Amino acid sequence: MKRFVTLLLAACAVLAAPVLAQEISYGASEPLQLPKDTFLGQAMAVATNSKGHVFVYTRNGDPTVTLGGSRAFAHGGSSLYEFAPDGKFVRQIGRQVYGFLAAQGLRVDAQDNIWVVDRYSAMVMKFAPDGRQVMLLGRKPESVDVPSSPDTGRGNPPGSGQQSDLFQSPADVAFDADGNIFVADGLGNARVAKFTRDGVFVKSWGARGGDTGQFQQVHSIAVDAAGNVYVADHGNKRIQVFDNNGAYKSSITGIGDPVAICITPGAHQYLFSSNSNPANDLDHGGEIIKLELDGKVLGQFGKAGKLPREFGSVTGLDCRGVNTLYVAEAGNWRVQKIVLHN
């Protein structure tokens, strides 16, 4: 009987064990070259443009706070850098920009405009390819009273925020083929906000929770060629998929707890998702998973760690190339270039 129980427990353990995805062969390098005495700091987000230039939004500055009347005015704290395809430093964009406080997200759209998402200033800032600031979404909290979540005066569900263009700790931004803008307002609130290409607020959806259409943290967001919106629901260990107007379509699970996602361009699109290790456990997780858009897992690569080819607290992914990715690691203060071999 004892032997039977032992075999039964062993069989249950095998059934309960997670299915490991096929390992993808890959190479890694750290090509970005900063000027002397300039340091990358906590690299939060990375993106590339159509010319192969690499942009990094990072927390490495010295925040400055001044008093004006009854309010404190803060600026500085984060930097936006541009690098050539070979990694050589090109320039710093938006030095001392009023909204650069705590770097969080970064994307480059189809026209090579650069979109910066700042967590503490609660703003999404659009820069033209030449570095001119051309659009602002949101408002710094020092300038306006942003309604808290939940808004008990109006009875909104926790995390749903307001049907407006004011954010609480936004995390990411994405675009569809028509230029509509989707903001992951997901680290203070737990919602997705949609805007027209001209920055006019359309609607938002989501609230804090674990049910369908709810989120714990909207950490990252991406849009496929058909206009479907993919949301990294960190904390609920899933990616939820919605149509262009926020109607729920499906959930992708069994891929760990996604923090950063990206979708490749081209006729056959792929989804990449990071099972980023938690802040209180830097030795587990860390792998990046490659999927079909329907959620089928094709393989994975990497693990948690500090060595080359390992990942520490991945917060940003760029996959403009099908087999070439850039990975921003907040935990290791670096950006790695990944080349997949299969």
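The values are calculated or read from the model by the stated rules, or taken from the named source; none is laboratory data. Please read all numbers here as calculations on a predicted model, not as lab measurements. No Cβ is skipped: glycine too gets one built from the backbone with ideal geometry, and neighbour counts run over all protein chains shown.
The set of residues in the stretch 101-125 that are without any contact (Cβ under 8 Å) to a residue 24 or more places away in the chain and either touching a strand residue (DSSP E or B) at 6+ places or on another chain (Cβ under 7 Å) or among the charged types (D, E, K, R) (or both) contains only N113.
Conditions tested, residue by residue: (1) within 19 Å of G254 (Cα to Cα); (2) touching a residue at least 12 places away in the same chain (Cβ under 8 Å); (3) of a type in the set (S, T, N, Q).
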position	(1), (2), (3)
N280	no, no, yes
H284	yes, yes, no
L291	yes, yes, no
F301	yes, yes, no
L307	no, no, no
F311	no, yes, no
C319	no, yes, no
N342	no, yes, yes
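No other residue among F73, F100, F55 is touching an Asp or Glu at 6+ places or on another chain (Cβ under 9 Å), modelled with pLDDT under 95, crowded, with 22+ Cβ neighbours inside 10 Å and not aliphatic (A, V, I, L, M) apart from F100. Taken over the stretch 178-194, residues that are more than 8 Å from G206 (Cβ to Cβ) and in contact with an Asp or Glu (Cβ under 6 Å, 6 or more places away or on another chain) amount to 2. Is one or more of the residues making up the stretch 141-163 modelled with pLDDT of 95 or more and either closer than 21 Å to Y248 by Cβ or part of a loop (DSSP other than H, G, I, E, B) (or both)? No, the stretch 141-163 has no match at all. Scanning the stretch 100-135 for residues that are β-branched (V, I, T) and assigned to a loop (DSSP other than H, G, I, E, B) yields a total of 0. Of all residues in the stretch 171-196, those being surrounded by fewer than 24 Cβ atoms within 10 Å (Cβ to Cβ), touching a residue at least 60 places away in the same chain (Cβ under 8 Å) and of a type in the set (D, E, K, R) number 1.
If we keep just the residues of the stretch 103-114 that are at negative phi and of a type in the set (D, E, K, R), which is surrounded by the fewest Cβ atoms within 10 Å (Cβ to Cβ)? This residue is D109.
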